[in-house]
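Right, one structure below, let's go through it.
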Amino acid sequence: MFKRWCVIGLLLLTLLPARIAQSQGGGVVNERYAHLARGVNLYRWFWLPLTDDPTTRFRPEEFTALRRLGITYVRVPIALSYVLDDSPDSLNDAHLAILEQAIDDLHVAGLAVLVDLHDTNLSATPLPYSGDMLDPAFVATYQAFWVAFAARLAHFDPDLTFFSLYNEPFFWDNPSDWLRIQADLVVAVRAVAPQHTLIVTSYAYSMIETLVQMTPLPDPNLIYDFHFYEPFLLTHQGAGWTWQGGLRGLHDIPYPSNPEVVAPLLAEQTGEKYVLLAAYGDAYWDRAKLDGLIAPAAAWANAHGVRVICTEFGVFRRFADTPSRARWIRDVREIMEGYGIGWAMWDYDEGFGLATHAENGRVEWDWAVLRALGLG
């Protein structure tokens, strides 16, 4: 059965344009990269807000269903506070055992696993973004933790298990600090996980704009990660947690955009919301514009002979116009596949999800999104 999944993964890769599948050589071979072709984030499992019992968050048959739909891997966000401990090896053994069982279950279902250390915050809030990493003492703690963590997980098949060292570092005012910290971290983790591919990223929320400013690290067994949520007005419309207060209350934003299609919404708005919507319409957001933003990542990878991946993209669904949301997801997914870039949608069954859980626990799929993702 597992060999069958491997063959399917390789077929997905061969369907991508040969110019990219072959030109993004690097040290990560096609067979391994094929496992990262199409993914989804399993949110609210080991990352804040944590479920009361992670062992009951998902059922094994859900993993099998994802694989049958065409998903090749899952990204598993993990809170540092969940796995870090004051024990001699810095690991919470009870929690690590639960995580290891989860990885086993995912592998049995034929899914590769991207282990994503999603924050460095040791408090009980889901707001990380590098605050602790500005403290040199904490950086030393974090590096020691990752050495122990990677050593603990190194027994998992390196073709199916990937380690993402940090999610969306900020470091806007001091990017060189992050690049130094990450370079040291790669060396330290490589000593205990010599075969595993490490996922690395740029500063400032893993944006493409900062990725293409990076000089690739000398380690050939790396994949460079970026996240894509452009335009933010569309992908985070109505979201109450963003720093852009003008997004709250916005809904049913059309995509593609032009001044004519946003005019009815403008008639209902004033102030900041009016300005944001008018600018969105005037920008003519469409597939070509999205392509122009993603293309530099592929060009950078080709120029340096490395691989890139997008482990987050999506549209907050609560306030979104369903057809527009599906069109944006389809365009972004097809653009990335056109450049041979593996992807993972944010997320599986939460605010950006491709499914929901009914009260009886039954999974209800969003078929418009599945079709947009080329799944099903």
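The values are calculated or read from the model by the stated rules, or taken from the named source; none is laboratory data. Model, not experiment: these values are computed from the prediction. Cβ: placed from backbone, ideal geometry, glycine included. Neighbour counts: every protein chain shown.
How many residues are out of contact with any strand residue (DSSP E or B) (no Cβ under 8 Å at 6 or more places or on another chain) and either without any contact (Cβ under 8 Å) to a residue 24 or more places away in the chain or farther than 23 Å from Asn302 by Cα (or both) when one looks only at segment 335-356?
Of the residues in segment 335-356, 3 are out of contact with any strand residue (DSSP E or B) (no Cβ under 8 Å at 6 or more places or on another chain) and either without any contact (Cβ under 8 Å) to a residue 24 or more places away in the chain or farther than 23 Å from Asn302 by Cα (or both).
Out of Ala297, Ala372, which single residue is without any contact (Cβ under 8 Å) to a residue 60 or more places away in the chain, touching a helix residue (DSSP H, G or I) at 6+ places or on another chain (Cβ under 8 Å) and surrounded by 21 or more Cβ atoms within 10 Å (Cβ to Cβ)?
One residue alone meets the criteria, Ala372.
Would you confirm, using the coordinates I've provided, whether Asp331 is of a type in the set (D, E, K, R), assigned by TED's automatic domain parsing to the domain that holds Arg75, at pLDDT 95 or above and touching a Leu at 6+ places or on another chain (Cβ under 8 Å)?
Spelling it out, Asp331 is indeed of a type in the set (D, E, K, R), assigned by TED's automatic domain parsing to the domain that holds Arg75, at pLDDT 95 or above and touching a Leu at 6+ places or on another chain (Cβ under 8 Å).
It is to be established whether one or more residues within segment 227-243 are among the aromatic types (Phe, Trp, Tyr) and within 30 Å of Glu31 (Cα to Cα).
yes
Restricting the first residue to segment 42-54 and requiring it to be in the same structural domain as His118 (by TED's automatic domain parsing) and of a type in the set (Val, Ile, Thr), which pairs with a second residue that is assigned to a loop (DSSP other than H, G, I, E, B) and surrounded by fewer than 21 Cβ atoms within 10 Å (Cβ to Cβ) meet a Cβ separation below 6 Å and a spacing of at least six or different chains?
Qualifying pairs under 6 Å: Thr51/Arg57.
Could you check Leu36 against (1) over 19 Å from Leu153 (Cα atoms); (2) modelled with pLDDT of 90 or more; (3) in contact with a Ser or Thr (Cβ under 9 Å, 6 or more places away or on another chain) and say which number it fails?
(1)
Take Thr215 and decide whether it is in a loop (DSSP other than H, G, I, E, B) and β-branched (Val, Ile, Thr).
Yes, satisfied.
Could you please let me know if Phe156 is free of Cβ contacts under 8 Å to residues at least 60 places away in the same chain, farther than 24 Å from Glu272 by Cβ, part of a loop (DSSP other than H, G, I, E, B) and in contact with an Asp or Glu (Cβ under 7 Å, 6 or more places away or on another chain)?
no
Please name all residue pairs, on different chains or six or more residues apart, with Cβ atoms under 7 Å, provided the first residue is in segment 60-80 and is assigned by TED's automatic domain parsing to the domain that holds Asp105 and the second residue is of a type in the set (Lys, Arg) and modelled with pLDDT of 95 or more.
Gly70/Arg38; Ile71/Arg38; Thr72/Arg38
Please work out if Arg190 is basic (Lys, Arg), out of contact with any helix residue (DSSP H, G or I) (no Cβ under 8 Å at 6 or more places or on another chain) and assigned by TED's automatic domain parsing to the domain that holds Leu66.
yes
Any residue that is at pLDDT 95 or above, part of a loop (DSSP other than H, G, I, E, B) and surrounded by 19 or more Cβ atoms within 10 Å (Cβ to Cβ) - is there at least one of those in segment 274-282?
No, segment 274-282 contains no residue that is at pLDDT 95 or above, part of a loop (DSSP other than H, G, I, E, B) and surrounded by 19 or more Cβ atoms within 10 Å (Cβ to Cβ).
Residue by residue through segment 307-351, note down the ones that are under 25 Å from Gly240 (Cα atoms) and hydroxyl-bearing (Ser, Thr, Tyr).
Answer for segment 307-351, where residues must be under 25 Å from Gly240 (Cα atoms) and hydroxyl-bearing (Ser, Thr, Tyr): Thr311, Thr322, Ser324, Tyr348.
Which residue, of Leu217, Leu234, is closer than 17 Å to Ala283 by Cα and among the aliphatic types (A, V, I, L, M)?
So the residue among Leu217, Leu234 that is closer than 17 Å to Ala283 by Cα and among the aliphatic types (A, V, I, L, M) is Leu234.
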